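To keep things clear, I will list the structure first and then write my remarks on it.
The values are calculated or read from the model by the stated rules, or taken from the named source; none is laboratory data. Only a predicted model underlies this, so the values are computations on that prediction, with no experimental measurement involved. Cβ placement follows ideal geometry from the backbone for every residue including glycine, while neighbour counts extend to all protein chains displayed. Keep in mind that these areas ignore ligands, DNA and RNA; they rest on the heavy atoms of the full protein, side chains included. Shrake-Rupley method; radii C 1.70, N 1.55, O 1.52, S 1.80 Å.
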Protein chains: 2
Amino acid sequence: MFRPQIKVLDCTIRDGGLINKWQFSDEFVSKTFQVLSRACVDYMEVGYKSSEKYFSRVENGAWKFCTEEDLKRAIGGKNGTIKLSAMADIGRIDPQDILPKSESILDMIRVACYAHETDKGISLAHHCQDKGYEVTINLMAVSKVMDRDLDEALNDLSKSSVPVVYLVDSFGAMYSEQIHFLAKKYFEAMPGKELGIHAHNNQQLAFANTIEAIIAGINHIDATIYGMGRGAGNCPLELLISFLKNPKFDIRPIIEIIQELFITLKAEVEWGYHMPYMITGILNEHPRSGMKAMASKELPNLRQFYDDLKDGTPLD
Amino acid sequence: MFRPQIKVLDCTIRDGGLINKWQFSDEFVSKTFQVLSRACVDYMEVGYKSSEKYFSRVENGAWKFCTEEDLKRAIGGKNGTIKLSAMADIGRIDPQDILPKSESILDMIRVACYAHETDKGISLAHHCQDKGYEVTINLMAVSKVMDRDLDEALNDLSKSSVPVVYLVDSFGAMYSEQIHFLAKKYFEAMPGKELGIHAHNNQQLAFANTIEAIIAGINHIDATIYGMGRGAGNCPLELLISFLKNPKFDIRPIIEIIQELFITLKAEVEWGYHMPYMITGILNEHPRSGMKAMASKELPNLRQFYDDLKDGTPLD
């Protein structure tokens, strides 16, 4: 699949940080940056922009905050063409904490919000645009959003000046048919907008659903090195780059860093296909119960875990 | 996806045996059989039919041979509705080693062959049909077969009395577009035949490609428990059963046996997404070099492994 409009964003540090509280050394982030630059990936998402008012630097690594000092320590003067992005969650950052673009080495802020807070998301995104950044909105967890609410969110977004809206499968619950259905719905509801895709791998479908999103015309593509990301992880960058076959991409530095850093890291910080994540995925549930099960010394009884999650939902 | 014509075949012992030389205890096979029966899977493939003239019982476990004694020891009288299958590879079994159906608890023989030996495959399949078995032909490694040769093979198969032909992605190299293209080609070349799908997981696409095959009208579906199979493994049965949503299927016994037996087994006998298999998959190569790399004490330099496999092909 060669389509020059396709832009690849690596969010290894940002989404991967959700499983190790962003405890990546400066050297690790620096090497990742160098590799992504050599591989000709379009964007590197370095972490979250969060306020130190709300989160502690003792508990969380630097990439939960991404101050200019943090960024410069690991990335320095930023040679080359790769752009830098950070994600901002509604309610975890104050608008005044966003510096003017002229004072930052970040190029883009991606605003993550749930459908019911789309108005807040648009407001923050417009604020970032006014400060000079590229922006996107990543509408999370849409596999649980009722049609009417999603239509309203998309309608609001269509009237905003945000140019890119992401289809996000936060729970790793979608099949290819949902991806095609939602891509069509998003395109029709927001004429002229570009779409993005961010997939999770609970059902081993993150890469496959990303392919289907590309076939459906989506051009902004999220991936992470060796699939590192919350719970079951994300679309693996090495597979995506190989699929895209755009001559500018080079898979070899990615293979090198996987061998140097990520195979060991995966043995320590477990992401990927594990039964608790698979079960939350097939049941279209938030992975938090799966993460709790994986964090305990011994796996719980999985049959019971499945039954509880399937039948234990309150029926009020 | 609920389509009552869909038949699920579990080949955990047969394809999984390719990584542990079929060294499954009778108890392991017996438990697997009980679980598949309770889950209402349609077929269990218990192993290969191979001649003891060609292979040693010292080196290979019983499920390389599947004699009636082997089968009865593990499975006994075979209660319930699940059918039993064994695979026969061309050149590894003599036709006279196949017992008449009346003397066997097997219901089906699946003949595996390469496109260039389709004539031999049809001959063996017809022989098995004459002895009273259900038969299929599994045309292996078609991602490397030239169009003209594949057309000839499909034409021969269309004239045979074999009712089911499998689309087999032996190298885990196919994307969804290839699955749809080949499914259409197979259906058009063999009117009236049913198709099957057997996928490998080198690019984390075994389940996804199986879904696409089902969407394309394919009704005979291979899967294995926890994805156990050669190299990167196969389409995981637990994901498939959940996708199919046919009320007859029950995922819970499969979750139980994964916890009881397969999580531990996977830590000992490594299958799944590993870089050597990923690299053979993206390069559309036989997984043998990947299996050699995984079997060595330390992984080889993966960048070199990639370069050698990509550029090292003889150019005669």
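What does a probe at B:ASP151 reach in region B:171-187, counting residues whose amide N is under 20 Å from the point 7 Å along Cα→Cβ?
In region B:171-187, the label zone of B:ASP151 (backbone N under 20 Å from the point 7 Å along Cα→Cβ) covers B:178-187.
Please compute the contact order of region B:7-268 in relative form: average sequence separation of alpha-carbon pairs under 8 Å and at least six residues apart, divided by the residue count, as a percent.
Across region B:7-268, relative contact order equals 19 percent.
Of all DSSP beta bridges in chain A, what percent run antiparallel (nearest 5)?
Among the beta bridges of chain A, antiparallel pairing accounts for roughly 5 percent.
Where the accessible area of chain B is counted over protein heavy atoms with a 1.4 Å probe, how much of it, in %, is carbon and sulfur?
Working: 6280 of 12320 Å².
Accessible surface attributable to carbon and sulfur in chain B totals 51 percent.
Amide H to amide H under 5 Å from A:GLU45: which residues, 5+ apart in sequence or cross-chain, H placed 1.01 Å off N in plane?
A:ASP10, A:CYS11, A:THR12, A:SER85
Using θ = phi - 60° and the Karplus relation 6.51 cos²θ - 1.76 cosθ + 1.60, list the HN-Hα couplings for region B:91-100 in order, rounded to whole Hz, with x at every Gly or Pro.
x, 10, 8, 8, x, 5, 6, 7, 6, x
Hey, for A:ASN301 with labels 7 Å out along Cα-Cβ, what do the inter-copy distances come to in nm, ordered shortest first?
Those separations, rounded to one decimal, come out as 5.3 nm.
How far is the Cα center of region B:32-111 from the Cα center of region A:27-92, in Å?
56
Extension gain A:GLU103-A:ARG73, at 0.36 nm per residue separation less the Cα-Cα distance, in nm?
9.3 nm
Taking every residue in B:298-310, how many Cβ atoms of other protein chains lie within 10 Å of its Cβ, on average?
3
Mind checking which chain A residue has its Cβ closest to the axis relating A to B, and how many whole Å off it is?
A:ALA208, 2
Quick one: Karplus J couplings for region A:113-125, per residue in order, coefficients 6.51, -1.76, 1.60, θ = phi - 60°, nearest Hz, x for Gly and Pro?
Working through the residues one at a time gives 8, 7, 4, 6, 10, 4, 4, 5, x, 4, 4, 5, 5 Hz.
Which residue, B:GLY272, B:GLY80, B:GLY281, has the most motion in a Gaussian network model of chain B that connects Cα atoms within less than 10 Å?
Most flexible of the set in this elastic network: B:GLY80.
So for the pair A:SER158, A:SER296, with labels modelled 7 Å out along Cα→Cβ, what separation do we get in nm?
Going from the A:SER158 label point to the A:SER296 one covers 4.7 nm.
Accessible area per residue for the protein assembly as shown in Å², computed with a 1.4 Å probe and the full protein assembly in place, what is it?
That works out to 39 Å² per residue.
Which ³J(HN,Hα) values, rounded to whole Hz and listed in residue order, are derived for region B:11-16 from phi using the Karplus coefficients 6.51, -1.76 and 1.60 in 6.51 cos²θ - 1.76 cosθ + 1.60 with θ = phi - 60°, glycine and proline given as x?
Ordered by residue, 3J(HN,Hα) equals 10, 3, 6, 6, 7, x Hz.
For A:ARG57, which inter-copy label distances result when the label point lies 7 Å beyond Cα on the Cα-to-Cβ vector, reported in nm to one decimal and in ascending order?
7.1
For region B:1-97, calculate the relative contact order in percent as a whole number, restricting contacts to Cα pairs under 8 Å that are 6 or more residues apart.
RCO, region B:1-97: 35 percent.
Please get the size of the charge dipole for chain A, origin at its Cα centre, with Cβ charges of +1 on Lys and Arg and -1 on Asp and Glu, quoted in debye to the nearest 20.
So the dipole magnitude of chain A works out to roughly 560 debye.
Express the relative contact order of region A:142-223 as a whole percentage, based on alpha carbon pairs under 8 Å and six or more residues apart in sequence.
This gives 32 percent for region A:142-223.
Counting protein heavy atoms only and a 1.4 angstrom probe, how many square angstrom of accessible surface do chains A and B bury in total, to the nearest 100?
Details: alone 14020 and 14060 Å², together 24610 Å².
Separately minus together, A and B give about 3500 Å² buried.
Which of B:ALA223, B:HIS116, B:LEU18 sits farthest toward the positive end of the charge dipole of chain B, with +1 on the Cβ of Lys and Arg and -1 on the Cβ of Asp and Glu?
It is B:ALA223.
Which distances, shortest first and in nm, link B:SER30 to the matching position in the other copies, using label points set 7 Å out along Cα to C-beta?
6.1
Order A:70-76, B:25-31, A:96-102 from most to least packed using the mean count of other Cβ atoms within 10 Å.
A:70-76, B:25-31, A:96-102
What is the magnitude of the charge dipole of the protein assembly as shown about its Cα centre, with +1 placed on the Cβ of each Lys and Arg, -1 on the Cβ of each Asp and Glu, and no other charges, expressed in debye to the nearest 20?
About 120 debye.
Among the trypsin sites (Lys or Arg not before Pro) in region A:186-278, which ones are in a DSSP loop with at most 14 other Cβ atoms within 10 Å of the Cβ? Mind listing them?
A:LYS245, A:LYS248
Here is the link list: A:LYS21/A:LYS131; B:LYS49/B:LYS310; A:LYS266/A:LYS310; A:LYS7/A:LYS310; B:LYS266/B:LYS310; A:LYS159/A:LYS248. Which ones come out longer than 31 Å on Cα distance?
Beyond 31 Å: B:LYS49/B:LYS310; A:LYS7/A:LYS310; A:LYS159/A:LYS248.
By the gyration tensor of its Cα atoms, with a ≥ b ≥ c the square roots of the eigenvalues, what is the shape of region A:239-313: rounded for a/c under 1.5, prolate for a/b over b/c, or oblate?
Here region A:239-313 falls in the oblate category.
Considering only C-alpha atoms, what is the centroid distance from region B:189-210 to region B:259-316, in Å?
Taking the Cα centre of each part, region B:189-210 and region B:259-316 sit 22 Å apart.
Amide H neighbours of A:ASN138 under 5 Å, counting only residues 5+ apart in sequence or on other chains, H built in-plane at 1.01 Å?
Those qualifying (amide H under 5 Å, at least 5 residues apart or on another chain) are A:VAL111, A:ALA112, A:CYS113, A:TYR166.
What net charge is computed for the residues neighbouring B:ILE241, neighbours being all others with C-beta under 15 Å from the C-beta of B:ILE241, Lys and Arg scored +1, Asp and Glu -1?
That works out to +2.
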